[in-house]
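The values are calculated or read from the model by the stated rules, or taken from the named source; none is laboratory data. Given the structure is predicted, the values throughout are model-derived calculations rather than measurements. Cβ atoms come from the backbone with ideal geometry, glycine included; neighbour counts cover every protein chain shown. We work out accessible area using only protein heavy atoms, side chains counted, and drop any ligands, DNA or RNA first. Shrake-Rupley method; radii C 1.70, N 1.55, O 1.52, S 1.80 Å.
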Amino acid sequence: MIFFRNKILVASIISGVIKGVSMLTIIALMILIGRYGGPNALGAYSLGITVLTIITLVSLLGLPTLMMRKVGSFFHHKFLDVDKIRHGYITALAITVGINAVIAIVLFFTADFLSIHLFNSELLVGVIKAVSVALLPIALITLHSNLIQGVHQPNFALTMQALCTPLFALAILVMFLSFGGESEQLASLVMNYYAVGAWLVFFISFFYWLTIAKGVLNSFSIQHVLKGGVRALLKQANPFLLAGIGIAVLNMTDVLMLGFFSTIEQTGLYSAASRLAAGLTLVLFSVNNVIAPKLASSFATGDMEAFSTYVRNATVLAFIPTLILVIVIGLFSSELLSLFGENFQQAQWIFIVLLAGNLINALAGPVGWVLNMANCEKDFQGIILKAAILNVFLNFVLISYYGALGAAFATMISTAAWNIHSAIVAYKRLGVCTVVGLNFLMKRGRNE
């Protein structure tokens with residue numbers, strides 16, 4: 001048990017450092033955009049990233065999570081059974097390239113219409129065109145990062161997926177500004193840097209995956225893909241797709257609906273507060289990033305004792321540091337928001353409400369991964385979709401009355417709803433309690 005805990009702890013610390021650097025990179029990028037372009041530029045950039053993220057999640061059809069679980073199931077004793085994942089990988093790759101290439105072309109040629117008629121802002125024209133260029137490589141990075149994570153290399157996968165692209169964009173932006181560069185279209189400029197970085201990172205992740213899964217592209221059969229591969233794989237991935245759509249709605253509805261029903265400035269204020277509050281997810285994400293493939297492996301081999309141990313240790317490793325972060329970040333909320341500029345201090349209450357929502361998320365533990373890695377993805381899908389509907393309704397009602405603060409309350413309430421519901425289902429279906437503290441009390445009760 002101690003070995004399990006120490007192993008998770010070390011890997012989680014490394015993961016936390018990588019994710020922390022990634023978060024700081026994104027915050028630094030947003031600070032520069034906010035300071036040199038103001039709330040409007042930051043709002044336009046945030047909307048662009050939101051559009052990119054939502055399209056990517058939906059267009060991937062749940063395939064990355066499915067393939068990660070498949071790879072984790074066929075990876076034992078540092079050996080990957082390539083034959084058992086070859087056709088699935090080739091099919092997933094073909095689907096990803098085909099769908100995202102088509103969407104990217106459509107998005108590029110409709111950028112003017114979407115920007116002016118949907119979001120009422122010409123600032124978004126260049127941003128959406130840049131998003132269309134970044135779409136395909138970001139989708140492929142997501143797919144290959146999940147595959148690499150499946151062979152128990154979560155930290156390299158995290159580096160590829162979360163750090164390298166924004167770091168590249170930040171480095172180029174710093175160079176641009178240091179040489180006295182000025183641009184009224186700062187948001188679209190940064191998105192173009194982001195797109196270039198995405199293509200570079202994709203090639204790195206793709207070739208690294210090929211070194212792990214040697215021969216995975218052998219016997220490439222487009223006939224297999226067209227005849228039965230697509231239908232069979234999509235059927236398996238469908239629960240992950242629907243859950244992914246739900247998660248996208250939960251994570252992105254606030255920004256999109258603010259952009260639609262409010263102003264770009266309000267969107268910028270909310271995005272700054274949301275990005276800072278997301279710092280709380282650092283520890284939980286780091287732990288989940290490490291244990292996800294381990295949960296898949298232990299469940300596949302029927303070792304529920306190890307499965308439960310991973311869950312119990314993960315809850316403690318994630319919640320205590322998160323609670324400390326809540327206290328520290330809350331005390332310095334005004335100072336942190338002022339980093340984006342003087343106008344951003346008015347987002348303090350938005351920030352505090354979002355902190356509360358993220359603390360509830362940590363309290364429930366790695367419940368989403370527990371369900372997804374234990375063949376309960378359909379249960380998780382239903383939970384997330386219900387929470388997504390609740391989130392859209394709350395955003396629609398609360399934004400009209402309270403603006404960005406209403407969006408924050410909508411996010412907090414829907415986050416609490418899906419975490420509590422998921423924890424109940426995990427206990428009923430698997431006998432595993434994910435809520436911090438309760439799982440150890442229940443284990444002690446059973447032992448006595």
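Nearest 500 deg cm²/dmol is fine: what mean residue ellipticity at 222 nm does the chain get from its DSSP H runs of n ≥ 4 alone, each adding -39,500 (n - 2.57), divided by its residue count? Each step should come with its number before you reach the end.
On the way: 17 runs with 353 residues, N = 448.
Computed ellipticity for the chain at 222 nm equals -27500 deg cm²/dmol.
For region 1-136, take N as its residue count and report Rg(C-alpha) divided by 2.2 N^0.38 Å.
Details: Rg = 19.9 Å, N = 136, 2.2 N^0.38 = 14.2 Å.
Cα-based Rg divided by the globular estimate yields 1.40.
In µm²/s, what is D for the chain at 20 °C and 1.002 mPa s, where D = kT/(6 pi eta Rh) by Stokes-Einstein and Rh is the Kirkwood radius from Cα pairs?
Details: Rh = 22.4 Å.
D, rounded to a whole number, is 96 µm²/s.
Taking Cα pairs under 8 Å and at least six residues apart, what relative contact order does the chain come out at, in percent?
Values: 685 pairs, mean separation 101.4, N = 448.
It rounds to 23 percent for the chain.
Once the convex hull of the alpha carbons of region 371-411 is built, what does its volume come to per residue, in cubic angstrom?
Hull volume over Cα atoms, normalised by residue count, gives 46 Å³.
List the chymotrypsin sites (Phe, Trp or Tyr not before Pro) in region 127-193 that DSSP assigns to loop (not H, G, I, E or B) and whose Cβ has at most 10 other Cβ atoms within 10 Å. Which are they? Present the calculation step by step, with values, prior to reporting the outcome.
Details: sites: 156, 168, 176, 179, 193; in loops: 179.
Answer by residue number: 179.
Rounded to whole Å and ordered largest first, report the semi-axes of the equivalent ellipsoid of region 183-313 derived from its Cα gyration tensor (root of 5λ). Mind showing how you got there, number by number?
Numbers: eigenvalues 236, 128, 66 Å².
Those come to 34, 25, 18 Å.
For region 128-170, with every protein chain kept in place, what is the accessible area per residue (1.4 Å probe, Å²)? Write out the running numbers ahead of the final one.
Numbers: 920 Å² over 43 residues.
Value for region 128-170: 21 Å² per residue.
Hey, what's region 277-432 come to in accessible area per residue, 1.4 Å probe, Å²? Present the calculation step by step, with values, prior to reporting the outcome.
Details: 6260 Å² over 156 residues.
Solvent-accessible surface per residue comes out at 40 Å².
Could you tell me how many cubic angstrom of Cα convex hull volume region 61-124 has per residue? Before the final figure, lay out each step's value.
On the way: hull volume 6.6 nm³, N = 64.
Per residue, the Cα convex hull of region 61-124 comes to 103 Å³.
Output needed: percent of Cα pairs per 5 Å distance bin for region 304-448, bins running from 0 to the one holding the longest distance.
Cα pair-distance distribution for region 304-448, in percent: 2, 10, 16, 17, 16, 14, 11, 8, 4, 2, 0, 0.
Beyond a 29 Å Cα-Cα separation, which of these cross-linked pairs lie in this structure: 214/294; 84/129; 84/428; 129/386; 19/428; 78/428?
Values: 214/294 22 Å; 84/129 39 Å; 84/428 32 Å; 129/386 33 Å; 19/428 32 Å; 78/428 33 Å.
Violating the 29 Å limit, Cα to Cα: 84/129; 84/428; 129/386; 19/428; 78/428.
For region 305-380, what's the radius of gyration and Dmax over Cα atoms, in angstrom?
When restricted to the Cα atoms of region 305-380, Rg and Dmax are 16.7, 52 Å.
Rounded to whole Å, give me the distance from the Cα center of region 271-315 to that of region 375-392.
Cα centres, region 271-315 to region 375-392: 19 Å.
Just report the Cα centroid separation between region 95-137 and region 139-212, whole Å.
Each part's Cα centre sits 18 Å from the other's.
Taking N as the number of residues in region 253-352, what value does Rg over Cα atoms divided by 2.2 N^0.38 Å take?
Here the answer is 1.45, to two decimals.
Equivalent ellipsoid semi-axes for region 98-157, as square roots of 5 times the alpha carbon gyration tensor eigenvalues: give them largest first, rounded to whole Å. Intermediate values should be presented prior to the final figure.
Values: eigenvalues 196, 29, 10 Å².
So the three semi-axes of region 98-157 are 31, 12, 7 Å.
Mind telling me which of 380, 202, 108 comes out most flexible in a GNM of the chain, alpha-carbon contacts under 10 Å?
Comparing 380, 202, 108 in a Gaussian network model of the chain, the most mobile one is 108.
Hydropathy first: keep DSSP H helices in the chain averaging at least 0.5 on Kyte-Doolittle, then drop any whose Cα extent along the axis falls short of 30 Å, and list what survives. Numbers along the way, then the final one.
Working: long enough: 2-59 (51 Å, 1.46); 86-109 (35 Å, 1.70); 124-150 (38 Å, 1.64); 186-212 (39 Å, 1.61); 230-261 (40 Å, 1.30); 304-331 (41 Å, 1.61); 377-402 (36 Å, 0.94); 404-430 (39 Å, 0.88).
TM-like helix candidates: 2-59, 86-109, 124-150, 186-212, 230-261, 304-331, 377-402, 404-430.
Given a 1.4 Å probe and every protein chain left where it sits, what share in percent of the accessible area of the chain is carbon and sulfur?
Values: 12890 of 19220 Å².
Carbon with sulfur: 67 percent of the solvent-accessible area.
Among 210, 295, 60, determine the one that fluctuates most according to a GNM of the chain built with springs between C-alpha atoms less than 10 Å apart.
Highest fluctuation of the listed residues: 210.
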